[in-house]
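Participant: First, the structure itself, so that you have it in front of you.
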Amino acid sequence: EAGVAQSPRYKIIEKRQSVAFWCNPISGHATLYWYQQILGQGPKLLIQFQNNGVVDDSQLPKDRFSAERLKGVDSTLKIQPAKLEDSAVYLCASSWDWADTQYFGPGTRLTVL
Amino acid sequence: GNSVTQMEGPVTLSEEAFLTINCTYTATGYPSLFWYVQYPGEGLQLLLKATKADDKGSNKGFEATYRKETTSFHLEKGSVQVSDSAVYFCALSNMNRDDKIIFGKGTRLHILP
């Protein structure tokens, strides 16, 4: 069974630029999560989708971050414009349903200069 | 709100040593407790979990017991290997649709041959 795929694996941008990350969850998983993991900290949930609907985006900085999962499968996370403090690893995870085990992708390491 | 506190790393041990990584939590209700592991260059993986008081989760020689009286979920392994070198995250969730997983800051483990 293929795992959660993310791309790119690494991205370096300058502040005020835009960036987008892509996630392909495990086939059939209804729930998809985006986490932000700042160096030295545990992952923090940014947004949770159930199929193509948003369940929780309470910790998403909506003035600059956006995410979508239009067809209930792949998802993109966008930052526009980026700030220095957005430097982090962005993790995507998926699960069969909201109470099930989450499977994580390898993450995208973002560096904002 | 819910929170997780785990011992700071890095923890450095020799191969075959006994491992304990402490984790305590604060939560309302009766959360489920987890240990995740992140090997170098990979995404987080669920290592073990416990869903109620006195439950013991175990996997790959690791164990953790859900202690409600001390609000703890310490990770133990009797004889560590070099391949156990990774970052370990303690986490909790109330497993309700609107509750997110809360992660600790992680503990980096180095095992010397």
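Participant: Using a 1.4 Å probe on protein heavy atoms only, how many Å² of accessible area do A and B hide from each other, summed over both chains and rounded to 100?
Facilitator: 1600 Å²
Participant: Another question, if that's okay. Apply the Karplus parameterisation 6.51 cos²θ - 1.76 cosθ + 1.60, with θ equal to phi minus 60°, to every residue of the range B:40-56 and state each ³J(HN,Hα) to the nearest whole Hz, in sequence, with x for glycine and proline.
Facilitator: Computed from phi, the couplings for the range B:40-56 are x, x, 10, x, 5, 10, 5, 8, 6, 8, 9, 10, 8, 4, 6, 5, 10 Hz.
Participant: For A:Lys78, which lysines qualify as cross-link partners when the Cα separation must be under 16 Å and same-chain residues fewer than eight apart are set aside?
Facilitator: A:Lys11, A:Lys15, A:Lys62
Participant: Could you check the spin-label model distance between A:Lys71 and A:Ala2? Points 7 Å from the Cα along Cα→Cβ, value in nm.
Facilitator: Between A:Lys71 and A:Ala2, the simple spin-label model gives 1.3 nm.
Participant: For the range A:23-33, what does the Karplus curve 6.51 cos²θ - 1.76 cosθ + 1.60, with θ = phi - 60°, yield as ³J(HN,Hα) per residue in whole Hz, taken in order and with x for Gly and Pro?
Facilitator: Once rounded to whole Hz, the list reads 9, 10, x, 5, 4, x, 6, 7, 9, 10, 10.
Participant: Which sequence of B:Arg108, A:Arg16, A:Arg9, A:Arg64 reflects their accessible areas, 1.4 Å probe, from the largest down?
Facilitator: A:Arg16, B:Arg108, A:Arg9, A:Arg64
Participant: For B:Lys56, give me every one of the aspartates and glutamates with a C-alpha distance below 13 angstrom, ignoring sequence neighbours fewer than eight places off in its own chain.
Facilitator: Candidates past the 8-residue exclusion: B:Glu76.
Participant: For a quick check, take a GNM of chain A with Cα springs below 10 Å and name the residue from A:Gly72, A:Gly42, A:Gly28 with the largest mean-square fluctuation.
Facilitator: Residue with maximal mean-square fluctuation among A:Gly72, A:Gly42, A:Gly28: A:Gly42.
Participant: Under 18 Å Cα-Cα from B:Lys100, which aspartates and glutamates qualify once same-chain neighbours fewer than 8 residues away are excluded?
Facilitator: Qualifying aspartates and glutamates at Cα under 18 Å: A:Asp56, A:Asp57, A:Asp97, A:Asp100.
Participant: If A:Ser87, A:Ser94 are ordered by their accessible area, calculated over protein heavy atoms with a 1.4 Å probe, which sequence runs from highest to lowest?
Facilitator: Greatest to least solvent exposure: A:Ser87, A:Ser94.
Participant: Right, next: Does any residue of the range A:69-113 lose at least 40 Å² of accessible area with all protein chains in place compared with its chain alone, and if so which ones (probe 1.4 Å)?
Facilitator: In the range A:69-113, residues shielded by partner chains: A:Trp98, A:Thr101, A:Gln102, A:Phe104.
Participant: Taking R0 as 30 Å, what FRET efficiency do you get between A:Ile12 and B:Thr70 from their Cβ-Cβ distance, rounded to the nearest 0.05?
Facilitator: It comes to 0.10.
Participant: Further question: Which of the residues in the range B:15-46 lose at least 50 Å² of accessible area when you go from the chain alone to all protein chains together (probe 1.4 Å)?
Facilitator: B:Leu44
Participant: Can you list the equivalent-ellipsoid semi-axes of chain A, largest first and in whole Å, using the square root of 5 times each Cα gyration tensor eigenvalue?
Facilitator: Gyration-tensor ellipsoid for chain A: 22, 14, 13 Å.
The values are calculated or read from the model by the stated rules, or taken from the named source; none is laboratory data. Quantities reported herein were computed from a predicted structural model and do not represent experimental measurements. Don't worry about glycine lacking a Cβ; one is built from the backbone with ideal geometry, like all the others, and counts go over all protein chains shown. Protein only, heavy atoms only, side chains kept; ligands, DNA and RNA dropped before computing areas. Shrake-Rupley method; radii C 1.70, N 1.55, O 1.52, S 1.80 Å.
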